[in-house]
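Here is the structure we will look at.
What follows is calculated from the coordinates using simple rules that are stated; it is not laboratory data. Remember, it's a predicted structure, so these values are computed and weren't measured experimentally. With ideal geometry, Cβ positions are generated from the backbone for all residues, glycine too; neighbour counts draw on all protein chains shown.
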Amino acid sequence: MSFDRSIKIAPSILSADFANFGQEIQAIESQGADWVHIDVMDGHFVPNLTFGPMAVKAFRPHVKTVMDVHLMIAPVDPYIDAYADAGADVLTAHIEAGPHIHRTLQAIRAAGIKAGVALNPGTPAEAVAHLLDLTDLICVMTVNPGFGGQKFIDMTSKIRSLRSMIGDRPVHIEIDGGVDPSTAPLVAEAGADVLVAGSAVFKGGSVNDPDVYGANIRNIRDAANGVWA
Ligand code: DX5
Ligand code: ZN
């Protein structure tokens, strides 16, 4: 994984056909996805349940790009090795998930993979001020985590603060929730480079009609890059 700040689209398979993940991953990657975003939910930190390490391990051979695993679980630390062994390239934990995020980020890096920290909408940018050299990605939640298809919450001032705090460090700013062609330009202009999108990528398409995924991904990317159709 080399570092750059170009816009990367990371479809969330939370909006995919749950009976057909292998083909869905192949379809979005063949249609231009840069990363594949996997939302892990525990029914405790967030009010929904999704993928354990065995499911994530089963996705791994299908992912040819970057497997970006977003842990919405508490506690985090007992599961780091399991998700690292499952093949995550990036493992992101929420700062709100426990008292020792510093230790969590160290443990993720010690597992040999990239470490991300996610911030709920109510958590200020300053919460990561002492973590900037321990993290490879800061995920700014633009919805309250737990479900796809929610309305975008404007966090552009938080994104701008983070971008300035990060300076020249090789730290991605990822945006998660309600990203579509209308909201992508706001977050890109504020300094984000990884855009997670679930419903806006999968809507209207299927593995039998993957061109729709391609058009949806292109529309988000073009909007973020300031290209207007
Ligand atoms: C929300 C998840 C998101 C979600 C995004 O808890 O972390 O990744 O799938 O879905 P959309 O793009 O539909 O808001
Ligand atoms: Zn997510």
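Which one, LEU71, ILE108, SER206, is farthest towards the positive end of the dipole of the chain when Lys and Arg carry +1 and Asp and Glu -1 on their Cβ? So the residue furthest toward the plus end is ILE108.
The relative contact order of segment 1-79, computed from alpha carbon pairs under 8 Å that lie at least 6 residues apart in sequence, is 31 percent.
Basic side chains Lys and Arg get +1 at the Cβ, acidic Asp and Glu get -1 at the Cβ, and with that the dipole of segment 74-163 about its Cα centre reaches some 300 debye. An oblate overall shape is assigned to the chain, the ratio a/c of its alpha-carbon gyration tensor axes (a ≥ b ≥ c) being 1.5 or greater and a/b not exceeding b/c.
All other residues whose Cβ lies under 15 angstrom from that of ILE7 are scored, Lys and Arg at +1 and Asp and Glu at -1, for a net of -4. Which entries in LYS64/LYS151; LYS151/LYS203; LYS8/LYS57; LYS64/LYS158; LYS158/LYS203 show an alpha-carbon gap greater than 21 Å? Too far apart for the 21 Å limit: LYS64/LYS151; LYS8/LYS57; LYS64/LYS158; LYS158/LYS203.
Tally Lys and Arg at +1 and Asp and Glu at -1 over the other residues with C-beta under 14 Å from the C-beta of MET165: what net charge comes out?
Combined, the nearby Lys, Arg, Asp and Glu give +1.
The packing ranking of peptides 40-48, 188-196, highest mean first, is 188-196, 40-48, where packing means the average number of other beta carbon atoms within 10 angstrom of each residue.
Full extension of the chain segment joining HIS62 with GLU189 gains 42.5 nm, where the gain is 0.36 nm per residue of separation less the Cα-Cα distance. Each residue of segment 3-18 was assigned a 3J(HN,Hα) from its phi angle through the Karplus curve 6.51 cos²θ - 1.76 cosθ + 1.60 (θ = phi - 60°); the sequence is 9, 7, 9, 5, 5, 10, 9, 10, x, 8, 6, 4, 9, 7, 6, 5 Hz, with glycine and proline shown as x. If you place +1 on the Cβ of every Lys and Arg and -1 on the Cβ of every Asp and Glu, how big does the dipole about the Cα centre of the chain come out, in debye to the nearest 20? Once rounded to the nearest 20, the dipole reads 180 debye. Here's the list of aspartates and glutamates a cross-link from LYS114 could span, going by alpha-carbon distance under 17 Å and ignoring same-chain residues fewer than 8 apart: ASP4, ASP34, ASP39, ASP68, ASP77, ASP81, ASP85, ASP89, ASP133, ASP136, GLU174, ASP193. Between the beta carbons of ARG5 and ASP211, assuming R0 = 25 Å, the FRET efficiency works out to 0.30 to the nearest 0.05.
Put simply, when 147-153, 163-169, 22-28 are sorted by average Cβ atoms within 10 angstrom per residue, most first, you get 22-28, 147-153, 163-169.
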